1. Which residue pairs have Cβ atoms under 8 Å apart, sit 6 or more places apart or on different chains, and have a first residue in the range 11-22 that is within 15 Å of I40 (Cα to Cα) and a second that is part of a loop (DSSP other than H, G, I, E, B) and of a type in the set (A, V, I, L, M)?
2. Which residues, taken from the range 31-41, are more than 10 Å from the chain's Cα centre (by Cα), within 11 Å of the ligand (Cβ to nearest atom) and open to solvent by 20 Å² or more (accessible area, probe 1.4 Å)?
3. Of all helices (runs of 4 or more DSSP H) completely enclosed by the range 114-215, which ones contain at least 1 residues that are more than 30 Å from R102 (Cα to Cα) and either open to solvent by 30 Å² or more (accessible area, probe 1.4 Å) or in contact (Cβ under 8 Å) with a residue 12 or more places away in the chain (or both)?
4. How many residues are more than 8 Å from the ligand (Cβ to nearest atom) and touching a residue at least 60 places away in the same chain (Cβ under 8 Å) when one looks only at the range 65-113?
5. Residue by residue through the range 47-64, note down the ones that are open to solvent by 10 Å² or more (accessible area, probe 1.4 Å), under 27 Å from P95 (Cα atoms) and either within 13 Å of the ligand (Cβ to nearest atom) or assigned to a helix (DSSP H, G or I) (or both).
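The values are calculated or read from the model by the stated rules, or taken from the named source; none is laboratory data. What you see is a predicted model, and the numbers here were worked out from it, not measured in a lab. In this analysis, Cβ positions are derived from the backbone assuming ideal geometry, glycine residues included, and neighbour counts consider all displayed protein chains. These area figures cover heavy atoms from the full protein model, side chains too; ligands, DNA and RNA do not enter into them. Shrake-Rupley method; radii C 1.70, N 1.55, O 1.52, S 1.80 Å.
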Amino acid sequence: MSDTVLPALLQSYLDTLVPERPPELRAMEARAAAEGFPIIGPACGQVCYLVARMVRARRVFELGSGFGYSTAWFARALQETHADGGEVHHTVWDPALSDQARRHLAALGLDARVHFHVGEAVAALAGQPGGFDLVFSDIDKEGYPDSLPVIERQLRPGGVLIVDNMLWGNRVLDPRASDPATEAIRRFTRSIADSRTWSGSILPIRDGLLLALRT
Ligand SMILES: C[S@@+](CC[C@H](N)C(=O)[O-])C[C@H]1O[C@@H](n2cnc3c(N)ncnc32)[C@H](O)[C@@H]1O
């Protein structure tokens, strides 16, 4: 589920401010809208792209990548920051989505920088050499709390964590909501807020995007 917590008019205003992008990226947005597939959308994609550029991220690991829309924003940032390379890791447990992501990223001319992993995303991150500059997470929300120690280990000090769906259609604010996904997001949010390892803030765009610095 990925509601937008902003009024629709405000969210679409923010989306219209995102600079023009390649037709392939537009086609991915149209596909997501047609199929109801939850992607981060243009305004959050632009934030991901900007943060990756601002910190000059060279190694990016993405947990829960779907058909590669969010991956494309990170790969675009890498392309513009590091003429000689950079890497972004795409992870999803569905091989068909991984294949589709390969095709989309190839059509965008960005696939050379992307490493594709099919399988559970947190396990894939745990299996990589650490020192990532940026980690982005959009996995099943019940998995958020257990992912944190792995992210903490694999992100370099001074690295950035971006996490989607932190407001979860505002259910995190509703004291009557006690389903496992909502509870997991609350636990994860508390862990970040209470930890001296993290300094973070939730941007209330789309469904809430956490930006956190690993101190
Ligand atoms: C919300 S969608 C990803 C959207 C993508 N971040 C984007 O904005 O384009 C999450 C995808 O990751 C998969 N997924 C969820 N939890 C996962 C996990 N723990 N390991 C691997 N894949 C996972 C889901 O099946 C789905 O395809």
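1. Going by the 8 Å Cβ cut-off, the qualifying pairs are Q11/I205; L14/L6; L14/I205.
2. R31, F37, P38, listed by residue number.
3. Those helices (runs of 4 or more DSSP H) span 180-194.
4. Residues flagged as more than 8 Å from the ligand (Cβ to nearest atom) and touching a residue at least 60 places away in the same chain (Cβ under 8 Å) within the range 65-113 amount to 4.
5. Y49, G64
For every residue, the table says whether it meets (1) hydrophobic (A, V, I, L, M, F, W, C); (2) out of contact with any strand residue (DSSP E or B) (no Cβ under 6 Å at 6 or more places or on another chain); (3) over 25 Å from R53 (Cβ atoms).
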| position | (1), (2), (3) |
| --- | --- |
| G119 | no, yes, yes |
| P145 | no, yes, yes |
| E152 | no, yes, no |
| G159 | no, no, no |
